[in-house]
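Report on one structure; see the data block that follows.
The values are calculated or read from the model by the stated rules, or taken from the named source; none is laboratory data. Remember, it's a predicted structure, so these values are computed and weren't measured experimentally. Reconstructed Cβ throughout: ideal geometry from the backbone, glycine too, with neighbour counts over all protein chains shown.
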Amino acid sequence: MTDLPLDFGEAADLERLRLDFRTWLAGHPLPARDEDEPLPVFLHRWHRILHEGGWVGLDVPREYGGAGLTPLHQVAISDELGARGAPGVPRIGYLAHALLEFGSAEQRTRLLPRMLAGDDVWCQGFSEPGAGSDLAGMRTRADRGPDGHYTVRGQKLWTSYAQYSNLCLLLARTDLTAPAHASISAFVLPLDQPGVTVRPLRAANGDDEFCELFLDDVGLTEADRVGAEGDGWALAMTTVAYERNALDTGHLSKYGLLVERLRRKAREHNGPLPDGLLTDIGRCVVDYQVLVAHTRRRIAERLAGLAAGPESSVDKLLMTRVEQRLYETALRVFPEELHGNGGEVFGDYLYSRAASVYGGTSQIQRNIIAKRLLRLPAGGRA
């Protein structure tokens, strides 16, 4: 792991940004969600409001529709939103940075301004029924014909909100003879292409966030490919580095709100809390502070221009532990959340069960840490 000083730039500059954003928020409160309005439709309305205010893509160069600032400026906005319990900045940063790093000048110019503005709605076609955390085992193929065009066949799974999207960042295998990690390529897939079928799935909390994506002889061109053939794995690692940082997503400040609520409950409680609950609250506080330290270090590394590495697997494990322990403890402290159809904490608890799966299972993250950080020998008998 790196040993960088935690250099976060000019504190006064960031504080001015936060104050400006708070002033803007005061005049642009979160809109009410219409009755029966799907969550992604509501979030897209919020996306457009934030973009009109100039708060989306702060760390994207100006020539592509951004503000040309640093990752820390965008993180500050996410943090402010999370601290207010508001939906975060649209989670397109990982896709935008994948295009910035691997896309052609034409693709960046054509796609990034529309992505930031919400004119295009994107989803991510990575996981498959037999290749989720083991992404290198994917079977979706993009066969290149003599004319340079590709024919894509396969299936994707857990594709979030594909039914509300019009573009998909798709990974597919383009070379069956190359090693697994070197044979994956990335494509921009229009979801209205012939041969594309989107089928929503219903989750345990009632949401229809996840979808299956069926690809039956879908035609793509070289212009649809992002980067060179074989760049797909590196592109995927760029995206997950942003997905696994709780500061980028605004999760960190959301966790902080609940941690403080638990601490306040412990201070106000008359007499001792039952069944070691005070100890569990203390564990939540410690876990949260450890995660804060790790996420700050990842941001410092990014500001220093370092590429994302296997350290993000440590952050993913920490975020999973914080989220699951926090909501388990909260349900014990606030049992009223279980009454009727359940409250917001109960809904978040249900969603937290997936934290050890999405973005790469905890088992896979431990394997990455063992092999790439600790350099432990492969298991098995001698």
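In segment 296-340, which residues are small (Gly, Ala, Ser), over 21 Å from LEU374 (Cα atoms) and buried (at least 21 other Cβ atoms within 10 Å of the Cβ)? Before you say what the answer is, go through the steps one by one.
So in segment 296-340, the residues small (Gly, Ala, Ser) come out as 300, 304-305, 307-309, 312-313, 330, 340.
Next, only the ones that are over 21 Å from LEU374 (Cα atoms) stay: 300, 304-305, 330, 340.
Listed by number, the list holds a single entry, ALA330.
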Which residue pairs have Cβ atoms closer than 7 Å, lie 6 or more positions apart in sequence or on different chains, and pair a first residue in segment 88-104 that is within 19 Å of ILE49 (Cα to Cα) with a second residue that is of a type in the set (Ser, Thr, Tyr)? GLY88/SER78; GLY88/THR249; VAL89/SER78; ARG91/THR249; GLY93/TYR242
Just to verify a result, which residue in segment 33-64, among those that are under 17 Å from LEU116 (Cβ atoms) and of a type in the set (Lys, Arg), is surrounded by the most Cβ atoms within 10 Å (Cβ to Cβ)? ARG45
Filtered residues of segment 193-210 (kept if at pLDDT 95 or above and either among the aliphatic types (A, V, I, L, M) or within 23 Å of LYS316 (Cα to Cα) (or both)): VAL196, VAL198
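Each row is one residue, and each column tells you yes or no for (1) in a loop (DSSP other than H, G, I, E, B); (2) more than 21 Å from ASP134 (Cβ to Cβ).
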site	(1), (2)
PHE346	no, yes
LEU350	no, yes
ASN367	no, no
ALA378	yes, no
Residues being closer than 24 Å to LEU69 by Cβ, assigned to a helix (DSSP H, G or I) and in contact (Cβ under 8 Å) with a residue 40 or more places away in the chain - total across segment 14-45: 8
Consider ARG372 carefully, then state whether it is on the phi < 0 side of the Ramachandran plot and modelled with pLDDT of 90 or more. no
Identify all residues within segment 60-83 that are assigned to a loop (DSSP other than H, G, I, E, B) and touching a Lys or Arg at 6+ places or on another chain (Cβ under 9 Å); write none if there are none. PRO61, GLY65, GLY68, THR70
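Per-residue answers, yes or no, for (1) assigned to a helix (DSSP H, G or I); (2) out of contact with any strand residue (DSSP E or B) (no Cβ under 7 Å at 6 or more places or on another chain); (3) of a type in the set (D, E, K, R):
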position	(1), (2), (3)
ALA96	yes, yes, no
LEU99	yes, no, no
GLU106	yes, yes, yes
THR109	yes, yes, no
ARG114	yes, yes, yes
ALA142	no, no, no
Could you please find all residues in segment 148-182 being modelled with pLDDT of 95 or more and part of a loop (DSSP other than H, G, I, E, B)? HIS149, SER165, ASN166, THR174
Which ones in segment 185-218 are farther than 14 Å from GLN124 by Cβ and buried (at least 20 other Cβ atoms within 10 Å of the Cβ)? SER185, LEU215, VAL218
